[in-house]
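Every number in this text was worked out from the coordinates using simple rules, so none of it is lab data. In this text the structure is predicted, and so the values were computed from the model without any measurement. Virtual Cβ from ideal backbone geometry, glycine too; neighbours counted across all protein chains shown.
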Amino acid sequence: MIAIVDYGVGNLANVERGLQRAGATAVRVTRSEDEILSARAVVLPGVGHFGHCARELRRFGLDATVRTAGERGIPLLGLCVGMQLLFEGSDEDPETPGLGLYRGRVRRLRGPVRVPHTGWNRLRFVRAHPWLAEVPDAAYFYFVHAFAAEPEDQNAVVGTVEHGGWVTAAVGGPNILGLQFHPEKSGAMGVRALAGFVRATAA
């Protein structure tokens, strides 16, 4: 079972349908610690304001649950603000900590460009990640964000997008991947990205 973390934030139904279109046969939207920690994979969605998302995750006691899942090596996929929550914190709400699974902060997009970054843009790979093996370099995905992660360890960066300079669009490592874009809103290529996650985490 793939568990989608339900902390009252994010387009949960769209993420669930996206995973099902990608071939997942057992998906559950849940806020049960037992279900999340016994799942074969976990998805952390998120939209909107970093601080609100982080506080709601904590209010339901799910911050510790997601952190434990990551530390145990349960495959973890963070989407949009769910990716940003993997980091230590964000300039969008400096007093509210993230999960700290990655060192670094989330900072406002800079440069003479439109903020938020909204619409279709190309994901350029910096290095390979097994869950994205079937996604070609420079494929288009749908972005909506005003902030982006700046990892301390650049080896964490999987992909970037050009918007006022090269901006982190994907981070990952063993059993973890964060995507700044919305695969569930990215058409056939988004389904392909999710399908790689579904196949890689199949029981």
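With R₀ fixed at 22 Å, the C-beta to C-beta distance from A13 to A200 puts the FRET efficiency at about 0.40. Spin-label model, R59/A188: points 7 Å from Cα along the beta carbon direction are separated by 4.1 nm.
How high is the FRET efficiency between T96 and A128 when r is their beta carbon distance and R₀ equals 35 Å, given to the nearest 0.05? Could the numbers behind the result be given before it?
Details: r = 33 Å, r/R0 = 0.94.
With R0 = 35 Å, the Cβ-Cβ based efficiency is 0.60.
Per residue, the average separation of C-alpha pairs within less than 8 Å and at least 6 apart gives the range 2-200 a relative contact order of 21 percent. Converting phi to 3J(HN,Hα) with the Karplus coefficients 6.51, -1.76 and 1.60 and the offset θ = phi - 60°, the range 151-165 yields x, 5, 9, 5, 5, 6, 6, 9, x, 10, 9, 8, 7, x, x Hz in sequence order, with x at every glycine or proline.
Considering only D91, D137, D153, the Gaussian network model of the chain with Cα springs below 10 Å gives its largest mean-square fluctuation to D153. Working value for the chain: equivalent-ellipsoid semi-axes of 23, 20, 15 Å, each the square root of 5 times a Cα gyration tensor eigenvalue, largest first.
I'd like the trypsin sites (Lys or Arg not before Pro) in the range 76-117 restricted to DSSP loop residues with at most 14 other Cβ atoms within 10 Å, sorted by number. The partial results should precede the final answer.
Details: sites: R103, R105, R107, R108, R110, R114; in loops: R110, R114.
Answer by residue number: R110, R114.
Within the chain, DSSP assigns beta bridges of which about 60% are antiparallel (rounded to the nearest 5).
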